[in-house]
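Working notes, structure below.
Any read-out appearing in this document is the output of simple, stated calculations on the displayed coordinates, not a laboratory observation. Treat the numbers as computed from the prediction; the structure is a model and nothing was measured. Cβ coordinates were reconstructed from backbone atoms using ideal geometry, including for glycine residues, and neighbour counts include every protein chain displayed.
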């Protein structure tokens, strides 16, 4: 099994570095991608020009080959950790054993950021293979704040909480989701991960495709800018449900054009935030994923550039990508 001592304890050069260098702050102009097992070898062999790597915590909580590759890539790129199983939006306390495993992983890896989701995953020892929505009430807010406090205390750092993709809304909800996240950040000290694909998916599912852009823009306006430290992009699919279209956040395809437009608005509001491109289903070759990350970098740069200035080289590159 991989040594669980912090990386700095095992590398004399790193042990002399300041803590800020060990955390490898994320450069907002460089886009990261998710580290997925099918790409482990290719990443190490080709060392592509990516900004950083994000890992699903649960994939690396044990030993074996996955942990071995993670140790190697951590010396080459900054790494962030995304938890998927704590269910911090639920009414129950975080599972002690799961949190302890996450704590050991974070203590060993020293990631730049750690994130979780505004959702719940189980009740009374029964867990579901999905992240489930919660009613946005004062009671839910208090439970979520308590759970975030517990996790931050164990990890000894603030975490980021991500807005979910949702497919239904509760009649009991009394607080808008963006306000709920904002209050949670203010009360717990956690940051916010703004997932623009989730935001677009939820908006279309709840108000329809025509009204969705305006609803999503208003959502972005409601977030406290200084609390948003990461933005996420991904693809989604569409199904028919009850004779109407429903978008599914499955990270299985290219980022949709309406999501790119929403991303431009997000980076204008949160220019300090790092960007991650996620792709989990129908995983493409690594070079395809890297090309999409580079495209996201160009989209970000264009959004932050005065509108009357164009870059001919960038336009040519995007034409080649579209072809």
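Between residue 218 and residue 238, the simple spin-label model (points 7 angstrom out along Cα→Cβ) gives 2.3 nm. With the simple spin-label model, which puts each label point 7 Å out from Cα in the Cβ direction, the residue 84 to residue 146 separation comes to 2.8 nm.
Efficiency by 1/(1 + (r/R0)^6): what FRET value for residue 104 and residue 170, r their Cβ-Cβ distance, R0 = 30 Å, to the nearest 0.05? Result of the calculation: an efficiency of 0.25.
Note on the range 169-235 and the range 56-109: Cα centroid distance 25 Å, given to the nearest whole angstrom. Normalised by 2.2 N^0.38 Å, with N the number of residues, the alpha-carbon radius of gyration of the range 155-310 equals 1.06. If R0 equals 25 Å, the separation of the Cβ atoms of residue 92 and residue 281 corresponds to a calculated FRET efficiency of about 0.30.
Estimated at 0.36 nm per residue, the fully extended path between residue 269 and residue 45 surpasses their Cα-Cα distance by 77.0 nm. Determine, from the Cβ-Cβ distance of residue 226 and residue 304 and an R0 of 22 Å, the FRET efficiency 1/(1 + (r/R0)^6), rounded to the nearest 0.05. My answer for the efficiency is 0.80.
For the range 7-322, how big is the tail of P(r) above 30 Å, as a whole percent of Cα pairs? The proportion of pairs with Cα distances above 30 Å equals 32 percent.
Approximating the spin labels as points 7 Å out from Cα along Cα→Cβ, the residue 186-to-residue 206 distance works out to 1.9 nm. If you model the range 66-192 as an ellipsoid using its alpha carbon gyration tensor, with each semi-axis the square root of five times an eigenvalue, the axes come out at 27, 15, 14 Å, biggest first.
Taking the number of Cβ atoms within 10 Å of each Cβ as an exposure proxy, the fewest-first ranking of 180, 170 is 170, 180.
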